[in-house]
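The values are calculated or read from the model by the stated rules, or taken from the named source; none is laboratory data. What you are looking at is a predicted structure, and each value in this text was computed from that prediction instead of being measured. Heads up, the Cβs are rebuilt from the backbone with ideal geometry, glycines too, and the neighbour counts pull from every protein chain shown.
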Amino acid sequence: MRKLLVGTLAAAFVLAAGWAAARIGLVTIPARQDIRIKIDRNNNALVQERRGITLKQGMNRIEFSWPNMKIDFNTAQLLPLEQQETISILSVAVPPNASNTLILEVESQKPNLVPFRITYLTSGISWKASYISIADMDEKTIHLEASVAISNDTVEDYHNAAFALPVGKPFRQFIQSGETKKIVLFTAPAIPVTKTYLSDPLEYPDAAAMHYVFKNDAASGLKEGMLLPGRVRQFKKDATGSVAFVGEDVLRFVPVGDEIRLYQGPARDIEVERRIMKREQKAVKRNKKGQIVSYDTDETYRIAIHNRKLSDAPLIVRAHLSNYWEMKEHSDPYERKDAGTIEFETTVPSRSEKEISFRVEGKNLQNGYVLNE
Amino acid sequence: MNRARMRLWAGVCLGALLIVGAAALLWNRPGEAQVQLVTAPGRDAVELTIYESEDLTYAKERRNITLRKGTNLIQFSWAGTQIDPTSVQLTSISDPEKTRVKEAIFPKHLNNAIQWSVESTDGGANVVEVSYFIRGLRWHADYMMFVNSEETLLRLSGRFTLINRSGEDFEDVSARLVVGDIHLVSEKQLQESLRHLGSISSKSAAISGGRVVGRGRSSRQQAEALSEYYMFAVPGKNTLEKGWTKKIEAMDVQDIPLEVVYRYSPNERLVRRMYAFVNNAESRLGKEPLPAGAARVFMVDSKGQVEFVGSNRLEFSPVSKEIKLDLGHELAVTVERKRMDFKKMNLAYNDDGDVSHFDTEEEIRIEARNFRPESVKLELPERIGGQWEMLESSQEYEREDASSILYTIEIKPGETQVVNYRFRRIGR
């Protein structure tokens, strides 16, 4: 395994003293310390590490090379962490036919062992977050376990590196070249959740979608701050004491205090049937050519909900309206969520049917209908 | 039998399998303290939850394992099977408080293997559960239906068919079958979920933190999933050897009240014949939903002679739902539909003298005849588009929506019934 090295004859990272090209005065390099790896969402990893380099008085030449590593050489940097006033980096050069080598010319006012920070951006180190949620039988709480898998496809081993992902606390890990390691980031044992049923014809046609809703806050038992996006494998405890897999959802990026909605799929026991029972044009105005220029509409909608469950179903029924409309009659109270969206909140008793109907007039339409189906 | 294909080894040392029974061997990982390796015997209880809509099975197996105090390295490998590596989990059942999985490692030098680093406070005998998703196991339901010659009573027999193409033998397993669709996340959806996270710009090598952009709106078009799901437990323990298909009797219910319904299909200009029954207690059903599956229908007369009536797919039927099984065309019930009258009226003209508006009046006559030896119930769906009003109708009808009405009529054997209606359509 070839490694990113400093000052070995295998020529990985060579520190040579002396202005002349000859590699003389090779020094013993201490082990690298304080490795920090920050990986972004595109799996670009910014690696920072600390190494002590012995400089002699006068001009020093430091060679930094990385065979078999996918390092972006524009991002490779060596900076002294101490005694900046006595050290000047005079030049950074790339030798001919060597895209993975940098040669630095460093002038030091006195001989010294100086800690340097080496920084480079590389590909080949990646992360993937995943979650397991286990809901209780009564679906009042869920147990959430967050894990992250770190894969190291570089030729380097990273010992005791501090990994920082786009969000969350850094953690230390040792990861060998070629290895993938999955670790648990945190466990929230009993997050209180609300189960909701939502019928929205645009998002979930013909069905009532089920969600578990909870907040990303300390009251829910989530103290991790923002959560990494990832796949959630959802399980539910069943009557036999075992758990059953009930499907997946994506946990999207959730700021602290915001709501997390985990999709549970459509409720197979709740059928929502939407029908337009009447659609008429009124107050039709025509131009001189006899073409219709404006009209009102009078439309009656019927939403029939069958609850075939053994329990009552609290349900939000959403309807999308557009343009300028006026509600004329409605069987149930509704709430206007925005100019074009209304919601009925209702509970359909077990094994029964509920019908919501409403009549809207669309005003001064020039083309199109009031309601988007 | 290739029972040992999927093994829980404890202790692979430099690629060689550890001898079973050797409880402790030293494993040296560079940079880490030496850890204990343990061996595990074969699996004890296996539970399979097999899904219908996806090629997916959730498998759980229990193993008795002896742990050393401290860190143990446990290896699980699955060559030749279709296990999803991201799904493999180890959990302690007997002592979860004192047994902690520190990390899971997918080593470079091993294919299809995972190693768990397990910290045990006390050590000793432990029951662990290994769970994973595996592909290649499928199930479906199918039905045999027997009706009496009067077509008033139905006997419904259901079977489960289990197919094992997973590459693995499963002996003495408890199987559970899940009805319906399950929502799974695609790689694309996962990528989209990362959109709002910051990225390191390669130009500046600057580190940008996670920015709060707000939640993305999800699209659910392809999302079809289960949660208030139904699981059928296959009775007893079953052995599912690889490559085999197994049929298991699931239900057999007699004397289900049956109704025969006929429905006119305007596109085909033919009548279709359907068996209707309800999945409820009055029908001696209603304990659970019926999974979708092929249904083959036979008629059994009083002498026990059997005749094939037809076959179709029975759709998923929740409790209390009326099931209508379409048995195909019925030529002994005929429908003739005609437009008897058409009038264009209330014409309006624009300044250029062109027609700008008109209304129409239409009269429709539907003549239905029953050549069958018994009375039939016939449904006649009619579509009337646009804005319209009914002027006259010979029978009552049900308005299904703005442009659909339904007549339901009874016709005695050998008789003819006529439906007549007249409507006005308002032009634009």
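The table that follows gives values for the structure above.
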| item | result |
| --- | --- |
| Extreme residue, nearest to the other protein chains (Cβ to nearest Cβ), among residues of the range A:289-346 that are among the acidic types (Asp, Glu) and not in a strand (DSSP E or B) | A:312 |
| Residues satisfying the stated conditions in the range B:277-297, i.e. within 11 Å of another protein chain (Cβ to nearest Cβ), surrounded by 18 or more Cβ atoms within 10 Å (Cβ to Cβ) and without any contact (Cβ under 8 Å) to a residue 60 or more places away in the chain | B:279 |
| Candidate set from the range B:76-105 (those that are hydrophobic (A, V, I, L, M, F, W, C) and over 26 Å from residue A:172 (Cβ atoms)); member that is farthest from the other protein chains (Cβ to nearest Cβ) | B:79 |
| Residue check for residue A:178: free of Cβ contacts under 8 Å to residues at least 40 places away in the same chain, at the interface with chain B (Cβ under 9 Å from one of its Cβ atoms) and either under 21 Å from the mean Cα position of the chain (by Cα) or outside any strand (DSSP E or B) (or both) | yes |
| So residue A:212, is it among the aromatic types (Phe, Trp, Tyr), touching a Leu at 6+ places or on another chain (Cβ under 6 Å) and at pLDDT 90 or above | yes |
| Failed condition for residue A:252, given (1) in contact with a helix residue (DSSP H, G or I) (Cβ under 7 Å, 6 or more places away or on another chain); (2) in contact (Cβ under 8 Å) with a residue 24 or more places away in the chain | (2) |
| Identity of the residue in the range A:221-268, in contact with an Asp or Glu (Cβ under 7 Å, 6 or more places away or on another chain) and more than 20 Å from residue B:52 (Cβ to Cβ), that ends up nearest to the other protein chains (Cβ to nearest Cβ) | A:231 |
| Any hit, the range A:76-90, residues being surrounded by 18 or more Cβ atoms within 10 Å (Cβ to Cβ), away from chain B (no Cβ under 14 Å) and in contact with a strand residue (DSSP E or B) (Cβ under 7 Å, 6 or more places away or on another chain) | yes |
| Some residue of the range A:153-160 being under 23 Å from the mean Cα position of the chain (by Cα), surrounded by 17 or more Cβ atoms within 10 Å (Cβ to Cβ), in the same structural domain as residue A:234 (by TED's automatic domain parsing) and over 22 Å from residue A:246 (Cβ atoms) | no |
| Residue match in the range A:133-149 (condition: facing another protein chain (nearest Cβ under 9 Å), buried (at least 19 other Cβ atoms within 10 Å of the Cβ) and without any contact (Cβ under 8 Å) to a residue 60 or more places away in the chain) | yes |
| Pair list, Cβ under 7 Å, 6 or more apart: the range B:320-347 residue under 21 Å from residue B:427 (Cβ atoms), other residue aromatic (Phe, Trp, Tyr) and modelled with pLDDT of 90 or more | none |
| Hits in the range A:269-288 - residues which are within 7 Å of another protein chain (Cβ to nearest Cβ) and within 33 Å of the chain's Cα centre (by Cα) | A:269 |
| Hey, residue B:389 in contact with a strand residue (DSSP E or B) (Cβ under 6 Å, 6 or more places away or on another chain) and modelled with pLDDT of 95 or more or not | no |
| Selection from the range A:209-218 of residues that are more than 10 Å from chain B (Cβ to nearest Cβ) and in contact (Cβ under 8 Å) with a residue 24 or more places away in the chain | A:213, A:214, A:215, A:216, A:217 |
| Some residue of the range A:297-312 being free of Cβ contacts under 8 Å to residues at least 40 places away in the same chain and outside the structural domain of residue A:141 (by TED's automatic domain parsing) | yes |
| Meets criteria (away from every other protein chain (no Cβ under 14 Å), surrounded by 14 or more Cβ atoms within 10 Å (Cβ to Cβ) and not aliphatic (A, V, I, L, M)) for residue B:269 | no |
| Subset tally (residues that are charged (D, E, K, R) and within 12 Å of chain B (Cβ to nearest Cβ)) for the range A:150-171 | 2 |
| Test: residue in the range A:9-16 that is in contact with a Lys or Arg (Cβ under 9 Å, 6 or more places away or on another chain), closer than 30 Å to residue A:229 by Cα and either of a type in the set (A, V, I, L, M) or at pLDDT below 80 (or both) | no |
| The lone exception for residue A:247 - which of (1) in contact (Cβ under 8 Å) with a residue 40 or more places away in the chain; (2) under 30 Å from residue A:168 (Cβ atoms); (3) of a type in the set (Gly, Ala, Ser); (4) assigned by TED's automatic domain parsing to the domain that holds residue A:221 it fails | (1) |
| Residue identified as loosely packed, with under 15 Cβ neighbours inside 10 Å and either within 19 Å of residue A:327 (Cβ to Cβ) or among the hydrophobic types (A, V, I, L, M, F, W, C) (or both) among A:313, A:283 | A:283 |
| Counted residues, the range B:100-113 - those being in a loop (DSSP other than H, G, I, E, B) and closer than 19 Å to residue B:43 by Cα | 1 |
| The one condition in (1) closer than 24 Å to residue A:281 by Cα; (2) within 36 Å of the chain's Cα centre (by Cα); (3) among the β-branched types (Val, Ile, Thr) that residue B:360 fails to fulfil | (2) |
| The one condition in (1) under 44 Å from the mean Cα position of the chain (by Cα); (2) farther than 29 Å from residue A:286 by Cβ that residue B:392 fails to fulfil | (1) |
| Enumeration of residues in the range B:333-346 that are surrounded by 15 or more Cβ atoms within 10 Å (Cβ to Cβ) and either of a type outside the set (D, E, K, R) or within 30 Å of residue B:286 (Cβ to Cβ) (or both) | B:333, B:334, B:335 |
| Members of the range B:156-183 that are more than 14 Å from every other protein chain (Cβ to nearest Cβ) and either among the β-branched types (Val, Ile, Thr) or farther than 20 Å from residue B:232 by Cβ (or both) | B:161, B:163, B:165, B:167, B:168, B:169, B:171 |
| All strands (runs of 3 or more DSSP E) inside the range B:114-181 with 3 or more residues being in contact with a His (Cβ under 8 Å, 6 or more places away or on another chain) and either on the phi > 0 side of the Ramachandran plot or not assigned by TED's automatic domain parsing to the domain that holds residue B:257 (or both) | none |
